[in-house]
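What follows is a set of notes on a single structure, which appears directly below.
We did not get these values from a lab; they are worked out from the coordinates using the rules stated. Keep in mind that what you see is a predicted model, and the values were worked out from it rather than measured.
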Amino acid sequence: MSHPEACPALFHVGITVADLDRALAFYRDGLGLTVQSDRVAESPTLATLTGVSVTRLRIALLDAPGGGVFELLQYDDGAMGEPLPASRAGTGHVCVFVDDLGEATARLLAFGGTQVSAEPVTVSGGEYAGRRCVYLRDPDGYLVELFTGPGPR
């Protein structure tokens, strides 16, 4: 039995970055997302919320075409480790539909991304058969999948 009133709706995807200006160049200029806001949040409740000893962070919200929001977060301590492999539990990625896979890949590489996939892959089965995709990392190592092909987005 389904309960539609209890079903969650995606509000945003949060990505922690070391340098918000560099991340904005990648996501805004490279990926084409629109900045909704860019502000500094200061509150003692941030530590309670995040479980991290922090009272100040910079947050940028970017509108994604088709709905949803990307939330880029830069913590004051700037502590960043090595990116986790895609197979590691707790690791995530965001997938974005693009019209031209080659052009989008080249643009994101120019804005500090690094290519993970040796080459674009064509999906061989399931509801996305025939579509093509590639994995990249943003300048901080977060995985970004670019996806393209015929059919609805």
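Overview of results
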quantity: Most fluctuating residue given options Arg39, Arg28, Arg88, as computed from a GNM of the chain linking Cα atoms under 10 Å; calculated: Arg88
quantity: Reduced Cα scattering model of segment 21-153, Debye log10 I(q)/I(0), q = 0.09, 0.11, 0.17 Å⁻¹; calculated: -0.31, -0.46, -1.00
quantity: Fluctuation leader among Ala41, Ala104, Ala18 - the chain, Gaussian network, Cα springs under 10 angstrom; calculated: Ala41
quantity: Two-decimal log10 I(q)/I(0) for segment 74-141, as the Debye equation yields it once each C-alpha is a single scatterer, q = 0.13, 0.17, 0.25 Å⁻¹; calculated: -0.47, -0.75, -1.27
quantity: Highest-fluctuation residue, Ala25, Ala64, Ala118 considered, GNM on the chain with Cα pairs under 10 Å; calculated: Ala118
